[in-house]
Amino acid sequence: FFFLMIRRPPRSTQSRSSAASDVYKRQVSTQSTWGEFFLRNLNRKGRMFRDERRDKEVAVEEVFKQASLGNLPATLAPVEHKQFNPYTFNAGSVVAIAGPKFCLVAGDTRLSEGYSILSRNTSKLVPLTADTYIATSGMYADFIGLQKVLKARITQYKFNIGREPTTESTAQLLSHTLYGKRFFPFYTFNLIAGLDENGDGAVYGYDAIGTINRLPYAVQGSGKSLILPILDNEIQGYNKVKHTPPQDLNQLQELIVDVFTSAAERDIYTG
(Lines give C-alpha, C1' and ligand atoms only; values in the text may rest on other atoms or scores of the structure.)
Protein backbone atom coordinates (compact mmCIF):
# COMPACT_ATOMS: atom_id res chain seq x y z
CA PHE A 1 0.00 0.00 0.00
CA PHE A 2 1.13 3.62 -0.65
CA PHE A 3 -0.23 6.66 1.27
CA LEU A 4 0.17 10.29 0.15
CA MET A 5 -0.72 13.14 2.48
CA ILE A 6 -1.12 16.65 1.12
CA ARG A 7 -1.13 19.53 3.60
CA ARG A 8 -2.44 23.00 2.85
CA PRO A 9 0.23 25.75 3.27
CA PRO A 10 -0.41 28.60 5.74
CA ARG A 11 -2.08 31.73 4.46
CA SER A 12 -0.09 34.99 4.14
CA THR A 13 -2.13 37.06 6.53
CA GLN A 14 -1.57 39.17 9.63
CA SER A 15 -4.64 37.88 11.35
CA ARG A 16 -3.98 37.12 15.01
CA SER A 17 -6.10 33.99 14.88
CA SER A 18 -4.24 32.28 12.04
CA ALA A 19 -1.22 30.04 12.28
CA ALA A 20 0.52 32.03 9.56
CA SER A 21 0.58 35.13 11.77
CA ASP A 22 3.25 33.52 13.96
CA VAL A 23 5.44 32.97 10.91
CA TYR A 24 4.93 36.58 9.82
CA LYS A 25 5.76 37.84 13.29
CA ARG A 26 8.96 35.82 13.36
CA GLN A 27 9.93 37.24 9.96
CA VAL A 28 9.33 40.82 11.07
CA SER A 29 11.23 40.21 14.28
CA THR A 30 14.22 38.74 12.40
CA GLN A 31 14.24 41.62 9.91
CA SER A 32 14.14 44.23 12.65
CA THR A 33 16.95 42.47 14.49
CA TRP A 34 19.25 42.47 11.47
CA GLY A 35 18.35 46.08 10.69
CA GLU A 36 19.20 47.19 14.21
CA PHE A 37 22.46 45.25 14.08
CA PHE A 38 23.38 46.90 10.77
CA LEU A 39 22.61 50.38 12.10
CA ARG A 40 24.56 49.78 15.28
CA ASN A 41 27.53 48.49 13.31
CA LEU A 42 27.32 51.45 10.92
CA ASN A 43 27.23 53.92 13.79
CA ARG A 44 30.18 52.22 15.46
CA LYS A 45 32.23 52.36 12.27
CA GLY A 46 31.25 56.00 11.82
CA ARG A 47 32.49 56.82 15.31
CA MET A 48 35.73 54.91 14.67
CA PHE A 49 36.25 56.81 11.41
CA ARG A 50 35.61 60.16 13.10
CA ASP A 51 37.98 59.31 15.92
CA GLU A 52 40.69 58.17 13.50
CA ARG A 53 40.27 61.29 11.39
CA ARG A 54 40.46 63.50 14.45
CA ASP A 55 43.64 61.72 15.59
CA LYS A 56 45.23 62.23 12.19
CA GLU A 57 44.33 65.91 12.17
CA VAL A 58 45.89 66.30 15.61
CA ALA A 59 49.02 64.44 14.47
CA VAL A 60 49.34 66.61 11.34
CA GLU A 61 48.93 69.77 13.39
CA GLU A 62 51.64 68.55 15.76
CA VAL A 63 53.99 67.82 12.85
CA PHE A 64 53.49 71.29 11.39
CA LYS A 65 54.02 72.80 14.81
CA GLN A 66 57.28 70.89 15.30
CA ALA A 67 58.39 71.70 11.76
CA SER A 68 57.88 75.40 12.38
CA LEU A 69 60.19 75.03 15.36
CA GLY A 70 62.78 73.15 13.30
CA ASN A 71 62.14 69.79 14.97
CA LEU A 72 60.96 67.75 12.00
CA PRO A 73 61.22 64.01 12.81
CA ALA A 74 63.76 62.05 10.78
CA THR A 75 61.06 59.62 9.60
CA LEU A 76 59.14 62.49 7.99
CA ALA A 77 62.16 64.14 6.38
CA PRO A 78 62.16 64.16 2.57
CA VAL A 79 63.71 61.00 1.13
CA GLU A 80 66.40 61.50 -1.49
CA HIS A 81 66.48 58.73 -4.07
CA LYS A 82 69.79 58.20 -5.83
CA GLN A 83 69.27 58.31 -9.58
CA PHE A 84 71.20 56.19 -12.04
CA ASN A 85 73.88 58.11 -13.93
CA PRO A 86 75.69 56.31 -16.76
CA TYR A 87 78.41 58.95 -16.92
CA THR A 88 81.43 59.81 -14.84
CA PHE A 89 83.83 62.71 -15.30
CA ASN A 90 87.46 61.64 -15.26
CA ALA A 91 88.55 65.21 -16.01
CA GLY A 92 92.05 66.25 -17.05
CA SER A 93 93.09 68.91 -19.58
CA VAL A 94 94.28 68.92 -23.21
CA VAL A 95 95.79 71.76 -25.27
CA ALA A 96 96.51 72.17 -28.98
CA ILE A 97 98.27 75.05 -30.75
CA ALA A 98 98.53 75.43 -34.52
CA GLY A 99 101.49 77.11 -36.16
CA PRO A 100 103.13 77.44 -39.56
CA LYS A 101 104.33 74.01 -40.63
CA PHE A 102 103.73 72.51 -37.17
CA CYS A 103 101.04 71.70 -34.64
CA LEU A 104 101.53 71.12 -30.92
CA VAL A 105 99.14 68.97 -28.90
CA ALA A 106 99.56 68.11 -25.22
CA GLY A 107 97.61 66.61 -22.36
CA ASP A 108 98.11 65.69 -18.74
CA THR A 109 98.26 62.05 -17.62
CA ARG A 110 96.16 62.13 -14.44
CA LEU A 111 92.94 60.09 -14.43
CA SER A 112 90.61 61.07 -11.57
CA GLU A 113 87.17 60.29 -10.25
CA GLY A 114 85.84 62.54 -7.53
CA TYR A 115 88.65 63.08 -5.05
CA SER A 116 90.45 59.87 -6.03
CA ILE A 117 93.34 59.54 -8.48
CA LEU A 118 92.84 56.36 -10.50
CA SER A 119 96.02 56.66 -12.56
CA ARG A 120 98.97 59.01 -13.01
CA ASN A 121 100.12 57.61 -16.36
CA THR A 122 97.08 57.64 -18.66
CA SER A 123 97.52 59.41 -21.98
CA LYS A 124 94.66 61.49 -23.37
CA LEU A 125 96.22 61.65 -26.85
CA VAL A 126 95.71 59.03 -29.56
CA PRO A 127 97.01 59.07 -33.17
CA LEU A 128 94.31 58.50 -35.76
CA THR A 129 96.45 58.91 -38.89
CA ALA A 130 100.07 59.79 -39.62
CA ASP A 131 99.22 63.52 -39.49
CA THR A 132 96.24 63.65 -37.10
CA TYR A 133 95.80 63.21 -33.36
CA ILE A 134 92.71 63.26 -31.16
CA ALA A 135 92.98 64.74 -27.65
CA THR A 136 90.11 64.13 -25.26
CA SER A 137 89.02 65.08 -21.76
CA GLY A 138 85.90 63.78 -20.02
CA MET A 139 84.81 60.21 -19.43
CA TYR A 140 87.72 57.91 -20.21
CA ALA A 141 85.54 54.88 -21.02
CA ASP A 142 83.67 56.91 -23.66
CA PHE A 143 87.03 58.12 -24.99
CA ILE A 144 88.14 54.50 -25.50
CA GLY A 145 84.87 53.66 -27.24
CA LEU A 146 85.03 56.79 -29.41
CA GLN A 147 88.57 56.17 -30.62
CA LYS A 148 87.68 52.56 -31.53
CA VAL A 149 84.77 53.79 -33.65
CA LEU A 150 86.96 56.40 -35.36
CA LYS A 151 89.77 53.94 -36.09
CA ALA A 152 87.32 51.44 -37.56
CA ARG A 153 85.83 54.07 -39.88
CA ILE A 154 89.26 55.36 -40.89
CA THR A 155 90.29 51.78 -41.73
CA GLN A 156 87.16 51.44 -43.88
CA TYR A 157 87.98 54.80 -45.52
CA LYS A 158 91.51 53.63 -46.40
CA PHE A 159 90.13 50.37 -47.81
CA ASN A 160 87.57 52.19 -50.01
CA ILE A 161 89.62 55.24 -51.06
CA GLY A 162 93.11 53.81 -51.01
CA ARG A 163 94.69 56.47 -48.77
CA GLU A 164 94.43 57.95 -45.29
CA PRO A 165 91.93 60.74 -44.72
CA THR A 166 93.23 64.28 -44.33
CA THR A 167 93.05 66.13 -41.04
CA GLU A 168 90.01 68.06 -42.28
CA SER A 169 88.24 64.84 -43.29
CA THR A 170 89.03 63.28 -39.91
CA ALA A 171 87.68 66.37 -38.18
CA GLN A 172 84.43 66.09 -40.14
CA LEU A 173 84.26 62.38 -39.35
CA LEU A 174 84.47 63.10 -35.62
CA SER A 175 81.79 65.78 -35.91
CA HIS A 176 79.39 63.39 -37.67
CA THR A 177 80.15 60.61 -35.18
CA LEU A 178 79.41 62.83 -32.19
CA TYR A 179 76.23 64.21 -33.75
CA GLY A 180 75.01 60.73 -34.55
CA LYS A 181 75.13 59.96 -30.82
CA ARG A 182 73.47 63.21 -29.75
CA PHE A 183 70.56 61.50 -27.96
CA PHE A 184 72.95 59.44 -25.80
CA PRO A 185 76.22 61.30 -26.43
CA PHE A 186 79.78 60.36 -25.79
CA TYR A 187 80.70 62.23 -22.60
CA THR A 188 83.92 63.51 -24.16
CA PHE A 189 85.31 66.95 -25.02
CA ASN A 190 87.60 66.58 -27.98
CA LEU A 191 90.28 68.30 -30.02
CA ILE A 192 91.57 67.26 -33.42
CA ALA A 193 95.12 68.44 -34.09
CA GLY A 194 97.24 67.83 -37.17
CA LEU A 195 98.56 69.25 -40.42
CA ASP A 196 96.34 70.43 -43.24
CA GLU A 197 96.90 69.87 -46.97
CA ASN A 198 99.39 72.77 -47.08
CA GLY A 199 101.43 71.38 -44.21
CA ASP A 200 100.31 74.07 -41.71
CA GLY A 201 98.92 73.31 -38.28
CA ALA A 202 95.17 72.78 -37.91
CA VAL A 203 93.23 72.58 -34.64
CA TYR A 204 89.50 71.76 -34.40
CA GLY A 205 87.43 72.15 -31.25
CA TYR A 206 84.11 70.44 -30.44
CA ASP A 207 81.33 70.32 -27.96
CA ALA A 208 79.79 67.03 -26.78
CA ILE A 209 77.42 66.70 -29.77
CA GLY A 210 79.79 67.57 -32.59
CA THR A 211 79.73 71.32 -33.16
CA ILE A 212 83.04 71.99 -34.93
CA ASN A 213 85.27 75.08 -35.16
CA ARG A 214 88.75 75.51 -36.58
CA LEU A 215 90.83 77.54 -34.14
CA PRO A 216 94.43 78.79 -33.85
CA TYR A 217 94.56 77.14 -30.41
CA ALA A 218 92.10 75.32 -28.21
CA VAL A 219 91.72 73.90 -24.72
CA GLN A 220 89.38 71.24 -23.32
CA GLY A 221 88.90 69.77 -19.87
CA SER A 222 88.69 70.72 -16.24
CA GLY A 223 91.58 73.21 -16.47
CA LYS A 224 90.16 75.09 -19.45
CA SER A 225 89.14 78.17 -17.47
CA LEU A 226 92.68 78.44 -16.06
CA ILE A 227 94.69 77.72 -19.23
CA LEU A 228 92.70 79.58 -21.88
CA PRO A 229 93.20 83.10 -20.43
CA ILE A 230 96.98 82.58 -20.43
CA LEU A 231 96.95 81.50 -24.07
CA ASP A 232 94.75 84.47 -24.94
CA ASN A 233 97.29 86.77 -23.32
CA GLU A 234 100.41 85.17 -24.77
CA ILE A 235 99.23 84.26 -28.28
CA GLN A 236 96.44 86.70 -29.14
CA GLY A 237 97.25 89.60 -26.81
CA TYR A 238 93.80 91.17 -27.02
CA ASN A 239 94.58 93.85 -24.44
CA LYS A 240 98.12 94.69 -25.57
CA VAL A 241 98.93 97.67 -27.75
CA LYS A 242 102.08 96.08 -29.11
CA HIS A 243 102.12 92.34 -29.14
CA THR A 244 104.42 89.84 -30.81
CA PRO A 245 103.04 86.32 -30.49
CA PRO A 246 105.52 83.47 -30.06
CA GLN A 247 106.10 81.72 -33.37
CA ASP A 248 109.09 79.62 -32.47
CA LEU A 249 108.38 75.98 -31.76
CA ASN A 250 110.55 75.94 -28.62
CA GLN A 251 108.82 79.02 -27.21
CA LEU A 252 105.40 77.44 -27.68
CA GLN A 253 106.58 74.21 -26.07
CA GLU A 254 107.76 76.17 -23.02
CA LEU A 255 104.44 78.03 -22.99
CA ILE A 256 102.49 74.76 -22.90
CA VAL A 257 104.61 73.47 -20.02
CA ASP A 258 104.01 76.72 -18.12
CA VAL A 259 100.22 76.69 -18.61
CA PHE A 260 99.95 73.09 -17.39
CA THR A 261 102.11 73.90 -14.37
CA SER A 262 99.93 76.91 -13.63
CA ALA A 263 96.66 74.95 -13.98
CA ALA A 264 97.95 72.16 -11.73
CA GLU A 265 98.32 74.71 -8.90
CA ARG A 266 94.55 75.23 -8.78
CA ASP A 267 92.88 72.31 -10.57
CA ILE A 268 93.11 69.04 -8.64
CA TYR A 269 92.20 67.04 -11.77
CA THR A 270 95.12 68.32 -13.87
CA GLY A 271 98.53 66.85 -13.22
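The values are calculated or read from the model by the stated rules, or taken from the named source; none is laboratory data. Bear in mind the structure is a predicted one, so any value in this text is a computation, not a measurement. Glycine also receives a Cβ, built like all others from the backbone with ideal geometry; neighbour counts cover every protein chain displayed. Surface accessibility is based on the protein's heavy atoms, side chains included, excluding ligands, DNA and RNA. Shrake-Rupley method; radii C 1.70, N 1.55, O 1.52, S 1.80 Å.
Computed about its Cα centre, the charge dipole of the range 143-271 is approximately 640 debye, with only Lys, Arg, Asp and Glu carrying charge at their Cβ. Between Q253 and H176, the contour length at 0.36 nm per residue exceeds the alpha carbon distance by 24.6 nm. Here the range 181-245 has 54 percent of its accessible surface on carbon and sulfur atoms, given a 1.4 Å probe and all protein chains in place. Report the local net charge at E168: Lys and Arg +1, Asp and Glu -1, summed over other residues whose C-beta lies under 10 Å from its C-beta. That sum, taken over residues with Cβ under 10 Å, equals -1. The largest accessible area among I256, I230, I117 belongs to the first residue in I117, I230, I256, and the rest follow in falling order (1.4 Å probe, all chains). Neighbours of D232 by Cβ distance under 15 Å: Lys/Arg scored +1, Asp/Glu scored -1, total 0. Among R266, R182, R53, the order of accessible area from largest down is R266, R53, R182, computed with a 1.4 Å probe on protein heavy atoms.
The radius of gyration of the Cα set in the range 126-183, together with its Dmax, comes out at 11.3, 33 angstrom.
Per residue, how much accessible surface does the range 162-271 expose to a 1.4 Å probe? Answer in Å², no decimals. Each step should come with its number before you reach the end.
On the way: 6080 Å² over 110 residues.
Value returned for the range 162-271: 55 Å² of accessible area per residue.
The order of H176, H243 by accessible area, most exposed first and with a 1.4 Å probe, is H176, H243. Taking only the C-alpha atoms of the range 151-271, the Rg (one decimal) and the largest Cα-Cα distance, Dmax (whole number), read 16.9, 52 Å. Straight Cα distances below 14 angstrom link K240 to the aspartates and glutamates D232, with same-chain residues fewer than 8 positions distant left out.
Quick one: compute the contact order of the range 127-271, relative version, from alpha carbon pairs under 8 angstrom and 6+ residues apart, as a percent.
Result for the range 127-271 is 20 percent.
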